[in-house]
Amino acid sequence: MRIVVCIKQVPDAKDVRLDPETNTLSREGVKSVINPYDRHAMEEAVRLKEQYGGTVTAISMGPPQAKAILAEAISCGVDEALLVSDRAFAGADTLATTYTLAQAIKKTGAVDLVLCGKQATDGDTAQVGPGLAARLDIPYVTCVKKINGLEDQVLRVERMMDDGHDELEIDMPALLTVVKEINVPRFPSIRGLRKAKEIEIPSYTAADIDADPDQLGLGGSPTWVVKVFPPVPKGERTMLEGSLDEVAEKLTEILSDSAYGA
Amino acid sequence: MDHFLTDDQQMIVDLARQITDEIVIPNRARYDETEEYPLDIVETLAKSDFFALFVPEEYGGLGGGCYDLVLALEQIGRGCVGIATAYAASALGAYPIIVGGSPELKSKYLPDIATGKKRAAFALTESNAGSDAGGIQTTAVLDGDEWVLNGTKQWITNGGQAHLYTVIAITDPAKGARGASMFVVEADDPGFSTGPKEKKMGIRCSATTELIFKNCRIPKDRMIGRRGTGFITVMKTLDKSRPGIASLGVGLAQAALDESVTYAKGRYQFGKPIISFQAVQHMLADMAIETEASRALVYAAARHIDAHPKDMSKASAMCKVKATDVAMKVTTDAVQVLAGYGYMREYPVEKMMRDAKILQIYEGTNQIQRNVVGQELNKEYN
């Protein structure tokens, strides 16, 4: 089974700041990490490989620095990694991104399964998974929380819903997007880290993936972000920090000192 | 202090640190309280190749030396000596096979130890034998194609959790030191059983039990090395393993120092943080000096052992004594710095102090280590 997992480099959510001037995410000095949902997709891909055999290829579209997350993917059991990187991709919305990723995936050959995180924590659109499936002309299930089995190229999966879950069957080749509940991602291994250090991660440009320049980057993106702004604060708030017990104690104190206390 | 580790060693340190910070430290208090064997963490370490670290490459391992293991154990020990012991016990149990086993025995057992599929334990101590290894009463008698073992081992780390045990027993009572041999006993061998888990002062989550051999029959080829080489295998094993215990001491002392300095900066008395008082400052300074000194000695001993010299014993014993005595002192002082809070189970340093004590006792008491150093000195100056 050949599995492709799409991963994205995002700013660490623990460390995110807004630029007060432009109201955009300030990436300067912010640690970059693998999008948390993609980490679960990666883990599931490696587990499927361990159970059913095959290979896992991680693909990331992004600047050259994104090689760091691809190396990390290798250290966690992914077999091959591929960066898709070109200045022409800059400013891509989800339509242009899915086009670029689909071209890259097609270039790598036939695929049985594509796994993505449910959404990326920076853009939060959750459109790339379904969009990519449409581009590849394969069926998809979003928000998968469990894979129950694989038989005769049919996957049995559970899709997380607000009020429970759906049990679904899907023909491969297919695309799944996964939620955090699906697994606990592993730590890197020493062997994986050694491999990640030695491996040369190839980088594909727009020309390498036979891309139509009109469908790439800003030019290929009908979405225009008019304004980004933090929500207007709705009143005063205090964040309590510390252990559960400490927070509970402080909260009790505040409440008993307040109008509710009496 | 920069010890100029190689990139590969730094990578091992970073990974061990990440696992320690993310899953060892958040779970150590629970495991101390429940005294449960930390199977999930041991399995995580296995998945990340930490059991492969000490196994030779030709048997599925990474062929890391004493230094690599020391670096990993220092980090895990910084988080929890109990959990680190649950891991390190497999290395100790595997070393007799690594240092003394035939290629067949190595091929049979080491690959599964490297993946963590099988855990090992080392069995030397008995009720009348520990420091005095000559007091061993467990016997092994050859009966046709099988060895028949009888006796009881005491305080065996990983008892009941290990899949295979490397056991020393008397094969020729008349031959004294050359009358003992080592064997591999598998957990499901007939006539073998383990006692209940002992209740301990510290390292509570690590399993410690008796091993009971009642006409325990094992195939003839389970002997490690030749007949009569049991003591030599034990000595070679302990020479290699003791820096690992020493590094648990370094990690533990570092953890106690970290807690103490952090606390001393945040605790106010007489309107000032207590770190501003010289009485506290000097305590912290001594803790830091001793921790750095023991780390330097342990690293030096590990590098020395990895060069495969003939004289490992002295370096190995020296670093074990130094680093574990320092761990005891520093953790005791940490409780003093944190004072009332330090004595409470809500804070981690009382556990550190309880855990430190075993380091001065197991894998050869520090008194025995001093004997080793003394005997080596006696040989050197003639």
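List of remarks:
- 222 nm mean residue ellipticity, helices alone, for the protein assembly as shown (DSSP H n ≥ 4; -39,500 (n - 2.57); rounded to 500): -14000 deg cm²/dmol
- For residues of A:189-196, the mean tally of beta carbons on other chains within 10 Å: 5
- Measuring between their Cα centroids, the range B:45-76 and the range B:335-356 lie 31 Å from each other.
- Separation in nanometres of the label points that stand 7 Å from Cα toward Cβ, at A:D122 and B:S276: 4.5 nm
- Dipole magnitude for the range B:101-198: about 380 debye, using +1 per Lys or Arg Cβ and -1 per Asp or Glu Cβ, origin at the Cα centre.
- The range A:2-220: C-alpha gyration tensor shape, a/c 1.5 cut-off, then a/b vs b/c: rounded
- Range of Cα positions in the range B:213-281 per principal axis (Å), largest first: 73, 25, 14
- Likely footprinting exposure, B:K272, B:K314, fewest C-beta neighbours within 10 Å first: B:K272, B:K314
- Shown is the FRET efficiency for B:I212 and A:L168, computed with R0 = 56 Å from the Cβ-Cβ distance and rounded to the nearest 0.05: 0.55.
- Estimated distance in nm for a label pair at B:D2 and A:K180, the labels positioned 7 Å out from Cα along Cα-to-Cβ: 3.8 nm
- Least to most buried among B:M1, B:M283 (fewest other Cβ within 10 Å first): B:M1, B:M283
- Degrees between helix B:313-343 axis and first principal axis of chain B (Cα, 0 to 90, nearest 10): 40 degrees
- Qualifying chymotrypsin sites (Phe, Trp or Tyr not before Pro) in the range B:324-382, where qualification requires a DSSP coil assignment and no more than 12 other C-beta atoms within 10 Å, comprise B:Y381.
- Between A:L244 and A:F229, residue separation times 0.36 nm minus the direct Cα-Cα distance comes to 2.2 nm.
- Compared with the dominant Cα axis of chain B, that is its longest principal axis, helix B:103-115 is turned about 30°.
- Of the residues A:I59, A:I105, A:I209, the one that moves most in a GNM of chain A with alpha-carbon contacts below 10 Å is A:I209.
- The range B:7-118 - convex hull of the alpha-carbon atoms, volume per residue in Å³: 84 Å³
- Virtual paramagnetic centre 7 Å along Cα→Cβ of A:I199, amide N under 16 Å, in the range A:74-101: A:74-84
- Evaluated at q = 0.11, 0.12, 0.18, 0.22 Å⁻¹, a Debye calculation over the C-alpha positions of the range B:121-230 (equal weights, vacuum) places log10 I(q)/I(0) at -0.31, -0.37, -0.82, -1.18.
- 3J(HN,Hα) along the range B:249-262, derived from phi through the Karplus expression 6.51 cos²θ - 1.76 cosθ + 1.60 where θ = phi - 60°, amounts to x, 5, x, 5, 4, 4, 4, 5, 5, 4, 4, 5, 5, 4 Hz, with x in place of Gly and Pro.
- Distance histogram in 5 Å bins (all Cα pairs of the range B:238-380, percent per bin): 2, 11, 19, 19, 16, 12, 9, 6, 4, 2, 1, 0
- Evaluated with a Cβ-only charge set (Lys, Arg +1; Asp, Glu -1), chain A carries a dipole of roughly 640 debye about its Cα centre, given to the nearest 20.
- The range A:1-51 shape via C-alpha gyration tensor axes, a/c threshold 1.5: prolate
- Available extension along the chain between B:E57 and B:N371 is 109.6 nm, counting 0.36 nm per residue and deducting the alpha carbon span.
- Residues B:L257, A:L218 in ascending order of nearby Cβ atoms (within 10 Å, fewest first): A:L218, B:L257.
- Loop trypsin sites (Lys or Arg not before Pro), the range A:220-262, which have at most 13 other Cβ atoms in a 10 Å radius of their Cβ (DSSP): A:K227, A:K234, A:R237
- Annotation: lysines with alpha-carbon distance below 24 angstrom to B:K322 (same-chain offsets under eight excluded): B:K200, B:K236, B:K240, B:K310, B:K314, B:K351, B:K357, B:K379.
- Other protein chain Cβ atoms within 10 Å, averaged over every residue that makes up A:161-171: 0
- The relative contact order of chain A comes to 23 percent, based on Cα pairs under 8 Å that sit 6 or more residues apart.
- Principal axis box of the range A:131-262, alpha-carbon based, largest edge first, Å: 70, 43, 40
- Against the rule of thumb 2.2 N^0.38 Å, how large the Cα Rg of the protein assembly as shown comes out: 1.13
- Expressed in Å, the radius of gyration and Dmax of the Cα atoms of chain B are 20.9, 79.
- Derived scalar couplings ³J(HN,Hα) [the range B:240-247; Karplus, 6.51 cos²θ - 1.76 cosθ + 1.60; whole Hz; x for Gly, Pro]: 7, 8, 4, x, x, 5, 4, 5
- Per-pair calculated FRET efficiency, R0 = 60 Å: A:A134 and B:D286 via Cβ, rounded to 0.05: 0.35
- Computed over the range B:121-230, relative contact order equals 31 percent, with contacts defined as Cα pairs under 8 Å that lie 6+ residues apart.
- Distance-filtered residues of the range A:224-256 - backbone nitrogen under 12 Å, label point 7 angstrom along B:A29 Cα→Cβ: A:243-247
- In order along the range B:212-217, phi translates into HN-Hα couplings of 10, 10, 10, 6, 6, 9 Hz, rounded to whole numbers, per the Karplus curve 6.51 cos²θ - 1.76 cosθ + 1.60 with θ = phi - 60° and x for Gly and Pro.
- Viscosity 0.692 mPa s, temperature 37 °C, Stokes-Einstein D of the range B:339-382 from Kirkwood C-alpha radius, µm²/s: 256 µm²/s
- Three-way shape call for the range B:70-176 based on the alpha-carbon gyration tensor, with the a/c threshold at 1.5: oblate
- Looking at the range B:246-277, the chymotrypsin sites (Phe, Trp or Tyr not before Pro) that sit in a DSSP loop and have at most 16 other Cβ atoms within 10 Å of their own Cβ are B:F270, B:F277.
- Cα-based helix-to-principal-axis angle, B:349-359 vs chain B, degrees rounded to 10: 30 degrees
- Taking all Cα pairs closer than 8 Å and separated by 6 or more residues, the relative contact order of chain B comes to 17 percent.
- The amide H of B:W147, built 1.01 Å from its N in the peptide plane, has B:I218, B:K220 as neighbours under 5 Å, considering only residues 5 or more places off or on other chains.
Any read-out appearing in this document is the output of simple, stated calculations on the displayed coordinates, not a laboratory observation. Note that the structure is a prediction, hence the values are computed from the model and not measured. Neighbour counts run over all protein chains shown; Cβ positions are idealised from the backbone, glycine included.
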